[in-house]
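To start, the structure itself, in structure tokens.
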Amino acid sequence: MIRSMTAFAGAEATTPQGWLACELRAVNHRYLEINPRLPDELRSLESQLREQVTARLSRGKVDLTFRYRAPQGAAELRLDDAVAARMAALAHELRNRFPGMHTDFATLLAWPGLLVKPELDQEGLAAAALAVLGRALDEFVATREREGDKLRAAIAERLGAVERIVADVRAWLPEIRAALRARLEQRLAELKQPLDPGRLEQELVLQVQRIDVDEELDRLAAHVAEARRVLGLEEAVGRRLDFLMQEFNREANTLGSKSVDPRTTRASVELKVLIEQIREQVQNIE
């Protein structure tokens with residue numbers, strides 16, 4: 001399955017435990033790296049959230065962001081009577097010492113522990129958070145797959161171009177070899193010495209061996225077939241394709257180094273351009 005590594009998705013829900021929103025963003029990365037940003041209420045769930053993401057994704061630098069807003073209401077506000085009584089006693093004591101001292105109601109409410117927050121249903125909140133993440137992951141994976149379809153089409157188009165260049169070079173080889181023989185005969189003739197047919201054939205064989213690119217062309221054809229096979233697999237294939245690009249590039253370089261004809265030199269350059277274009281696309285595949 002071809003999937004892009006770059007994607008964005010989000011989901012939110014309003015539950016009895018409060019409002020939850022989840023966002024997933026990812027860019028290219030060699031491995032799977034998850035960077036969670038969680039509110040305090042969800043920090044205890046980090047390992048579960050990581051496990052859920054890891055089960056669905058295999059590569060990419062993923063930012064996982066949660067936002068949470070607890071249910072609010074005047075009926076839910078409650079004073080801690082013990083803290084309030086202690087503060088009242090302290091205020092009475094301090095008022096005797098500092099008659100001009102005063103404070104306001106809002107300042108008192110900000111005192112740590114004076115307002116008691118309602119206890120959260122942690123199990124319910126955990127279930128809600130995992131459900132929201134699951135929905136976000138569904139959309140996230142679907143987005144990666146849509147982008148992956150475009151990447152597959154772009155790669156397949158360039159693989160076809162590589163295949164055509166390989167076929168062209170194969171068609172040119174008999175003519176290149178004949179031209180090499182003619183050049184060699186001309187050079188030997190210029191020596192104005194008796195020509196030993198056996199020596200000519202021996203020299204010709206050596207020259208042909210130096211420029212022989214049949215193996216490189218066979219390997220390029222095999223790499224094209226393997227790349228197409230890998231593109232059809234259901235698993236993550238980015239690393240396999242990345243390795244194949246190294247093999248493609250090696251054969252294109254050898255083809256250029258053995259070239260004795262402008263056409264094969266141009267073919268080598270065109271192959272390198274196509275391989276680099278494929279490699280750039282592969283860098284974005286999970």
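Each reported figure results from applying straightforward, stated rules to the coordinates on display, with no laboratory input. All figures in this text were calculated on a predicted structure; none of them were measured in a lab. Neighbour counts run over all protein chains shown; Cβ positions are idealised from the backbone, glycine included.
Things worth noting here:
- The string of couplings for the stretch 5-19 from the Karplus curve (6.51, -1.76, 1.60, θ = phi - 60°) is 8, 8, 6, 9, 7, x, 7, 8, 7, 9, 10, x, 8, x, 8 Hz, one whole number per residue in order, with x for Gly and Pro.
- For the stretch 1-35 versus the stretch 220-241, the spacing of their alpha-carbon centroids is 27 Å.
- Scanning residues 5 or more positions from Thr15 or on other chains, those with amide H under 5 Å from its amide H are Leu20, with H placed 1.01 Å from N in the peptide plane.
- One decimal place: the segment Glu33-Val83 gains 13.5 nm when fully extended, by the rule 0.36 nm per residue minus the C-alpha distance.
- A cut-off of 5 Å between modelled amide H atoms, ignoring neighbours fewer than 5 places along the same chain, links Gly60 with His29, Tyr31, Leu32, Glu33.
- Given +1 at the Cβ of Lys and Arg, -1 at the Cβ of Asp and Glu and no other charges, the dipole of the stretch 220-286 around its Cα centre is 280 debye to the nearest 20.
- Between His92 and Glu215, full extension at 0.36 nm per residue minus the direct alpha carbon distance yields a gain of 34.6 nm.
- Burial ranking of peptide ranges 132-138, 213-219 (average Cβ count within 10 Å, highest at the top): 132-138, 213-219
- In Hz, Karplus ³J(HN,Hα) per residue of the stretch 257-269 (6.51, -1.76, 1.60; θ = phi - 60°; x = Gly, Pro): 5, 8, 5, 10, 9, x, 5, 6, 5, 5, 4, 4, 5
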